[in-house]
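The values are calculated or read from the model by the stated rules, or taken from the named source; none is laboratory data. The structure displayed is predicted, hence computed values, not measured ones. As a convention, Cβ positions derive from the backbone with ideal geometry for all residues, glycine included, and neighbour counts pool all protein chains shown.
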Amino acid sequence: MIERGAGEHLILVGLPGAGKSTVGRALAVQLGVPFLDFDTEIERREGAPVSRIFRERGEAAFRAMERGLTEELRRAPAHVLAPGGGWMTIPGNAELLRPPSHVVYLRLSPGAALRRLGAGVARRPLLSGPSPLVALERLYSERDPIYAGADVVLDVEHLDLQGVIRNLRQLASLRGPS
């Protein structure tokens, strides 16, 4: 287990389908720290799926919920975090947690993201239009320059789950104990 200090989170960002939740869960187990998926936590607290929150209250309300959760995590022990894809696009969110936290951008193309999402694309509010690929391409165009401000950019397009985890564990071990 890699010891981490209070608030020293590993934050995974990227497009929907990049593997933030899948990678985050597995990595947290291997690092011996808790995992928190923002969407899942917000759904638990609100008693409603993200798609319904978007539909009934709007994206701004959802982003405010993400911001509140981010503020809570400033005082929490180290976690692996998987915020929503738009979390890093809101000015100040990443700065609330870093330093000491580290942001990792799991980069992949919109086409690869769509393939990975498969039928799950229907549950993604920002991809619910007539062409999810066009929506992903727009998100990539808007968000890639922002995501590139992460502490580490990891190209995951041609890596399987174990390859991504292996790379992230190497990065974590290079930082060493806090």
Checklist entry - In the stretch 29-71, how many residues are out of contact with any Ser or Thr (no Cβ under 7 Å at 6 or more places or on another chain), surrounded by 13 or more Cβ atoms within 10 Å (Cβ to Cβ) and either in a strand (DSSP E or B) or on the phi > 0 side of the Ramachandran plot (or both)? => result 2
Checklist entry - With respect to the numbered conditions (1) within 22 Å of GLU8 (Cα to Cα); (2) hydrophobic (A, V, I, L, M, F, W, C); (3) buried (at least 20 other Cβ atoms within 10 Å of the Cβ), which one is the sole condition not fulfilled by LEU96? => result (3)
Checklist entry - Just a yes or no: is a residue in the stretch 72-83 over 20 Å from ALA150 (Cβ atoms) and without any contact (Cβ under 8 Å) to a residue 12 or more places away in the chain? => result yes
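Just to be sure, is LEU69 of a type in the set (A, V, I, L, M) and either modelled with pLDDT under 95 or more than 18 Å from GLU137 (Cα to Cα) (or both)? Give the steps one after another, and end with the answer.
On the way: of a type in the set (A, V, I, L, M): yes; either modelled with pLDDT under 95 or more than 18 Å from GLU137 (Cα to Cα) (or both): yes.
Judged against the criteria, LEU69 is a match.
Each row is one residue, and each column tells you yes or no for (1) basic (Lys, Arg); (2) at pLDDT below 95.
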{"residue": "LEU96", "(1), (2)": "no, yes"}
{"residue": "PRO99", "(1), (2)": "no, yes"}
{"residue": "TYR105", "(1), (2)": "no, no"}
{"residue": "ARG116", "(1), (2)": "yes, yes"}
{"residue": "ALA119", "(1), (2)": "no, yes"}
{"residue": "GLY129", "(1), (2)": "no, yes"}
{"residue": "LEU133", "(1), (2)": "no, yes"}
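Which residue out of PRO91, PRO145 is part of a loop (DSSP other than H, G, I, E, B) and out of contact with any Leu (no Cβ under 6 Å at 6 or more places or on another chain)? Don't jump to the end; show me each part of the working.
On the way: PRO145 fails: part of a loop (DSSP other than H, G, I, E, B).
Testing whether each residue is part of a loop (DSSP other than H, G, I, E, B) and out of contact with any Leu (no Cβ under 6 Å at 6 or more places or on another chain) leaves just PRO91.
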